[in-house]
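Inspection log for the structure reproduced underneath, given as structure tokens.
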Amino acid sequence: MNRRSLLRAGTGALFALPLTGLTDGVAVAAAAPTDGWTQTSFTYSWQKPWNLDLSDRHSSSGGVERMWVYATDEPFEEGSDTDPRTEMRWKVDYSTGDHMWDADVYLPSGTDGATFVQILRSVHPSGTPATDIMLDVYDTGGGTVRRYDGTVLRTDAYDTWFNVKIAHEASTGTGTVKVYLDDSLVLTVDDRGPATRYFKNGVYNHGSGRAEARFRNLRYWTR
């Protein structure tokens, strides 16, 4: 896949729960996205420009993982035709079951045309897409978060922390992907069919200039 074609192909901050009504005069809170899920340990590896040290494009301080990359950087493997990236590759590969990525995200002003979280299909039938979903940020509307380069999920996303959860109910057929922002459901879509896949987060730069994303309270949930 060409360096500029992939885009077209396709944490535990606390928040007040909304009240859904009264039961016997008592306010009832709406269910949280993680109700019924179990927080599960995970590991990860790094992908970054192949000719640079990780410290050239990543820092970690105070529980915040900060990642940046330039459009002129090399890809993650020498000879690859993919766009430059600095990403955490979660080492929790799955093909079925319920899996959720959860983190607080901070997108600095000016980051444009960059993916900050995705579900990548590492093993998939020939002719099917390489991802089930990508969330990208664009330099419009104070920072616009979109699914790929289409559906708007949030504006005014720059320079503020907000929580993102991606819940994937994967099956041997077509599964379902749900996206929550600050614990509110903003998107429900089908995945791209059977595959082995994993979560990735960081900054995958499809645009120009410098792109950056920051993460804290990274959590993995299963059920």
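For the stretch 147-169, enumerate the residues that are open to solvent by less than 60 Å² (accessible area, probe 1.4 Å) and touching a Gly at 6+ places or on another chain (Cβ under 6 Å).
If the condition is that a residue be open to solvent by less than 60 Å² (accessible area, probe 1.4 Å) and touching a Gly at 6+ places or on another chain (Cβ under 6 Å), then Tyr148, Ala157, Tyr158, Glu169 are the ones that fit.
Could you please let me know if Asp183 is at positive phi and in contact with a Lys or Arg (Cβ under 9 Å, 6 or more places away or on another chain)?
yes
Which residues, counting only those in the stretch 191-220, are in contact with an Asp or Glu (Cβ under 9 Å, 6 or more places away or on another chain) and open to solvent by 30 Å² or more (accessible area, probe 1.4 Å)?
Arg192, Thr196, Ser208, Gly209, Arg214, Arg216, Asn217, Leu218, Arg219
For Arg8, all conditions in the list (1) open to solvent by 50 Å² or more (accessible area, probe 1.4 Å); (2) in a loop (DSSP other than H, G, I, E, B); (3) modelled with pLDDT of 95 or more; (4) not aliphatic (A, V, I, L, M) hold save one; what is the number of the exception?
Looking at each condition in turn, Arg8 falls short on (3).
For Val117, are the conditions met, namely being of a type outside the set (S, T, N, Q), under 19 Å from Ser45 (Cβ atoms) and part of a strand (DSSP E or B)?
When the stated conditions are applied, Val117 passes them.
Please give the number of the condition Thr144 fails out of (1) within 25 Å of Tyr94 (Cβ to Cβ); (2) out of contact with any Leu (no Cβ under 6 Å at 6 or more places or on another chain); (3) open to solvent by less than 30 Å² (accessible area, probe 1.4 Å).
Of everything listed in (1) within 25 Å of Tyr94 (Cβ to Cβ); (2) out of contact with any Leu (no Cβ under 6 Å at 6 or more places or on another chain); (3) open to solvent by less than 30 Å² (accessible area, probe 1.4 Å), Thr144 misses just condition (1).
Can we say Tyr106 is among the hydroxyl-bearing types (Ser, Thr, Tyr) and within 21 Å of Gly143 (Cα to Cα)?
yes
To keep it simple, each residue is scored yes or no on (1) among the hydroxyl-bearing types (Ser, Thr, Tyr); (2) under 19 Å from Arg216 (Cα atoms); (3) at pLDDT 95 or above.
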site	(1), (2), (3)
Tyr148	yes, no, yes
Leu153	no, no, yes
Asn163	no, yes, yes
Ser171	yes, no, yes
Gly175	no, no, yes
Asp183	no, yes, yes
Val186	no, no, yes
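Anything in the stretch 29-69 that is touching a helix residue (DSSP H, G or I) at 6+ places or on another chain (Cβ under 7 Å) and not hydrophobic (A, V, I, L, M, F, W, C)? List them, or say none.
Lys48
If you check Ser45 against the conditions, is it at pLDDT 95 or above, over 20 Å from the mean Cα position of the chain (by Cα) and under 23 Å from Trp101 (Cα atoms)?
Answer is no for this residue.
Considering only residues that are buried (at least 19 other Cβ atoms within 10 Å of the Cβ) and closer than 25 Å to Ser59 by Cα, which ones fall in the stretch 107-127?
Leu107, Thr111, Asp112, Gly113, Ala114, Thr115, Phe116, Val117, Gln118, Ile119, Leu120
Restricted to the stretch 28-65, and to residues that are part of a strand (DSSP E or B) and in contact with a Phe, Trp or Tyr (Cβ under 8 Å, 6 or more places away or on another chain), which residue is surrounded by the fewest Cβ atoms within 10 Å (Cβ to Cβ)?
Thr38
The values are calculated or read from the model by the stated rules, or taken from the named source; none is laboratory data. In this text the structure is predicted, and so the values were computed from the model without any measurement. Cβ atoms come from the backbone with ideal geometry, glycine included; neighbour counts cover every protein chain shown. The protein model used for the area step is the full one, side chains on, heavy atoms only, and it has no ligands, DNA or RNA in it. Shrake-Rupley method; radii C 1.70, N 1.55, O 1.52, S 1.80 Å.
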